[in-house]
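Okay, structure first, notes after.
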Amino acid sequence: MSDEQHEGPSGDGGPAGPTSVEGPVGEPSLPPEVERRAARWIGFALAVSMLAAIGLFVSYVLGNQVQVQGVLLALALGGIAMALIMWAKKLFVPEVVTEERGDHPAGERELEAVAAAAAPGGEAIARRPFLARMLGGAAGLLGLSVLLPVVRSLGPSPGRSLFTTDWSRGALLVDEFSRPLKASDLEIGSVATVFPQGFVGSESSMAIVLRVPQGLLNLPDGRDADAPDGVVCYSKLCTHAGCPVGLYEKLYYQLQCPCHFSAFDVLNGAEPVFGPAPRPLPQLPIEIDDAGYLRAKGGFTATPGPGFWNRGSGP
Amino acid sequence: MTRKLFQWFDERLGAASFARKTLRKVFPDHWSFLIGEIALYSFIILVITGTFLTFYYVPSATTVVYHGPYRPLDGQQMSEAFASVMRISFQVKLGLLFRQIHHWAALVMVGAVALHAARVFFTGAFRKPRDLNWVLGVVLLTLTIGIGVFGYSLPDDLLSGTGLRVIYSIVLSIPVVGTWLAFLVFGGAYPPPDLLERLFVLHVMILPGAIAAVLGLHLAMVWRQKHSNYPGKGLNDGLIRGERAWPRYAFKATGLFVAVFAVLALLAGVFQINPVWVYGPYSGYIASSGAQPDWYAGWLEGLVRLFPAWEFRGFGYEIAEPFFPGILLPGVFFTIMGLWPWIERRFTKDQRIHNVLQYPREVPLRTAIGVGAIAVVVMLSIAGGSDVLASYLGLNIEAATKVMRALVIVVPLLAFAVAYLIARELKQSGVHPVRRSSMLTVRRAPSGGFVYEEVERGGFKSVEERLEEAHEAAGGAAGGAAGGGTDLEEQHA
């Protein structure tokens, strides 16, 4: 391996096109003036770094200004980085080495040797197959008996919790500040987020109440009676991935989910009309009490929120 | 002095020979090999800045009233977690800088891991003996995306809270076990009481530990197998060419680490990222549109947005919609990616050990498949911002969604075809894709007509011809092929 190979001009446009030599390298052979110039630049980069580090300390004492700190830290680090890379590229002579990759794969003889080394133990274990199986069984059982309770106590059993909400017959509809809502508070086109009284913030119960022109409502299964005077209430949990369905397109009477843009037809029982939501928003049957307040007539018409394996076993 | 030091260790550990081998270890040099290094350095920077942040972050959903230097939120109710992030951002010295370095480093790390995977894929570096390490790399890619998403959720701001709700729904949608799994992983129905504590443990202990372990194995394998080489004169699968670890390579690598840190510090200082005080604290019943996840989650968001409203019900059970785009399709994607070395081997029947890389143009079909896959991810990422796109283009969101549904299929097919044709053309013509491609001069001859003259020696040879030459040179007389380097030698640029 004695052939020399010359490379193209180095990428950083350095003064000396480095000559890569295979095999051992003698003394560095860069022209002295090139080395001197490189050393000056490296010194300059390190000086910048030191000044920036001092500046960082000062800025730390004076206050907490992120732009100044960021730039100073970048300079302090960048100076060192420049110095290291220039040092490598200018002051060390590049050396290209070609050598054998070495000892793997090991080859047939070594493989046989390994097999021979493993064999006595394997045979000794194989003489007691029943004990070997028992050992495996004991380890497995111990693992399970330790692991199962740990896994099991990571979280509560789902039970019925995904099916239940805090709505009950007669519950007052209140807004996020616990103020009861009157039917007369809602004008046509207006919309409000509501919770059952006493459960503000309850995720599964959050609902959205809107008023639309009563003649336009066309709810399925004769549920028009559950939306008195055109005041209709739906679960606010998107049936796709559970985001709050918070956008109301008044012109089209559509509720829209801001996460994945499923759209629900308010007039037609919140049937999904676009996007990935597979089911309508469950409706909350409501009535207007004698004082004009909105109250729930019961729970949602279906389990609210996104789908899951055993959702069908809900109410 | 150094001799004394080596002796001290050698007497205790017998480390002299290991140290000698390490210092003289040969590292092939090429810019594309630095991408993986950048990923590693970003991870180290993430651990450093992240450790700093754990001193101040409080993983608690307990409601507190904020009183602090940021006046617009003064007196507002928020979780302790959000309040602690406010404190880090406005009161802790260097807090905001470190927080922003942490976030920028996360963005850079996922990008570097993905680019590194692309480099390994397109150069065939995943072939035996590196197929095993490719699997670890794919695992690292998924872990990196996962840890990023959970970290993004920790500040408990309005955006991240909504993202968590979607993740919960996706876990919930898994057939048979999803309901239980969601309760075990997150600790209850949404919003689970100790969600932030669990995310915190995942983000600062379990996932970083897993990444450190897999990364350690990944690097140990690189160390053991030695780095691959791009094709070069006189190189074959039994040889390695590069420079020794000490001193030039070590200085360059350390320099790159510090440079990555410097760039991240500059980004963090000058470009604001994730200003949670603008978004405000999380609230279950508010969600805003225009919210974008970090870039690496955009393609998953796009999948979830574009997938049709399929839900299958029968026998009282259902497979919920989010399962398909949220679990099944990404799962298929990463499984195919992880098994790619074996999938390819089924067709090539190639059982040999490869240490010399391939150029993308040498294997047009693989290159085209890779380009197509990248196009899918890019189109899905664009779809993940369909609302922003729609408002820029003046489309309504339904039109934008429908257009994106078509483009997600059409564009990758086109990209596949174009990449295949280009690669095949380059392979057949032997033209280098980047360097000066005309290797002929055309002159008008005095007698009329044209004279073609070859400019570069060795021009117009197909890749196979050049490789053959290279192999001949390696096998034949050493020192026979002196003179100007061929186009295939670019690893020392």
Given (1) in contact with a Gly (Cβ under 9 Å, 6 or more places away or on another chain); (2) open to solvent by less than 40 Å² (accessible area, probe 1.4 Å); (3) within 14 Å of another protein chain (Cβ to nearest Cβ); (4) not β-branched (Val, Ile, Thr), identify the lone condition not met by B:Gln358. (3)
Residue count for segment A:69-96, restricted to those that are in a helix (DSSP H, G or I) and facing another protein chain (nearest Cβ under 7 Å): 13
Take A:Ala241 and tell me if it is modelled with pLDDT under 90 and more than 14 Å from A:Pro280 (Cβ to Cβ). no
Would you point out which residue out of B:Trp246, B:Trp295 is within 28 Å of the chain's Cα centre (by Cα) and over 22 Å from B:Leu195 (Cβ atoms)? B:Trp295
Spot the failing condition for B:Ala268; the list is (1) at the interface with chain A (Cβ under 8 Å from one of its Cβ atoms); (2) more than 30 Å from A:Ser313 (Cβ to Cβ); (3) touching a Lys or Arg at 6+ places or on another chain (Cβ under 9 Å); (4) modelled with pLDDT under 95, and only one is missed. (4)
Say we look at segment A:106-130 and pick out the residues that are open to solvent by less than 90 Å² (accessible area, probe 1.4 Å) and not small (Gly, Ala, Ser); which of these is nearest to the other protein chains (Cβ to nearest Cβ)? A:Val114
Filter segment A:189-210 for residues that are open to solvent by less than 30 Å² (accessible area, probe 1.4 Å), free of Cβ contacts under 8 Å to residues at least 60 places away in the same chain and away from chain B (no Cβ under 12 Å) and give the result. A:Leu210
List the residue pairs whose Cβ atoms are under 6 Å apart, where the first residue sits in segment A:98-126 and is assigned to a helix (DSSP H, G or I), the second is loosely packed, with under 10 Cβ neighbours inside 10 Å, and the two are 6 or more positions apart or on different chains. none
Kindly state which helices (runs of 4 or more DSSP H) lie completely within segment B:68-173 and contain at least 1 residues that are within 30 Å of B:Ile353 (Cβ to Cβ). B:95-122, B:131-153
Answer yes or no as to whether B:Asn274 is open to solvent by less than 20 Å² (accessible area, probe 1.4 Å) and either in contact with a His (Cβ under 6 Å, 6 or more places away or on another chain) or facing another protein chain (nearest Cβ under 7 Å) (or both). yes
Check whether at least one residue in segment B:321-333 is out of contact with any helix residue (DSSP H, G or I) (no Cβ under 6 Å at 6 or more places or on another chain), closer than 18 Å to B:Ala112 by Cα and away from chain A (no Cβ under 11 Å), and report yes or no. no
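Here is a yes/no grid of residues against (1) outside any strand (DSSP E or B); (2) under 25 Å from B:Gly326 (Cβ atoms); (3) out of contact with any helix residue (DSSP H, G or I) (no Cβ under 8 Å at 6 or more places or on another chain); (4) modelled with pLDDT under 90:
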{"site": "A:Gly222", "(1), (2), (3), (4)": "yes, no, yes, yes"}
{"site": "A:Ala225", "(1), (2), (3), (4)": "yes, no, yes, yes"}
{"site": "A:Leu251", "(1), (2), (3), (4)": "yes, no, yes, yes"}
{"site": "A:Arg279", "(1), (2), (3), (4)": "yes, yes, yes, no"}
{"site": "A:Arg295", "(1), (2), (3), (4)": "no, no, yes, no"}
Of the residues in segment A:237-293 that are more than 11 Å from chain B (Cβ to nearest Cβ) and hydroxyl-bearing (Ser, Thr, Tyr), the one that is most open to solvent (accessible area, probe 1.4 Å) is A:Tyr293
Considering segment B:158-186 alone, what residues qualify as being modelled with pLDDT under 90 and touching a helix residue (DSSP H, G or I) at 6+ places or on another chain (Cβ under 7 Å)? B:Leu158, B:Leu159, B:Ser160, B:Gly163, B:Leu164
Hey, does segment B:301-311 have a residue that's aliphatic (A, V, I, L, M) and not in a helix (DSSP H, G or I)? yes
For segment B:112-140, give me each residue that is more than 20 Å from B:Ile369 (Cα to Cα) and open to solvent by less than 20 Å² (accessible area, probe 1.4 Å). B:Ala112, B:Asn133, B:Leu140
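The values are calculated or read from the model by the stated rules, or taken from the named source; none is laboratory data. A quick note: this is a predicted structure, and the numbers were derived from the prediction, not measured. Please note: Cβ atoms are built from the backbone with ideal geometry, for glycine as well, and neighbour counts cover all protein chains shown. To get the accessible areas, we keep the full protein, side chains included, count just its heavy atoms, and leave off ligands, DNA and RNA. Shrake-Rupley method; radii C 1.70, N 1.55, O 1.52, S 1.80 Å.
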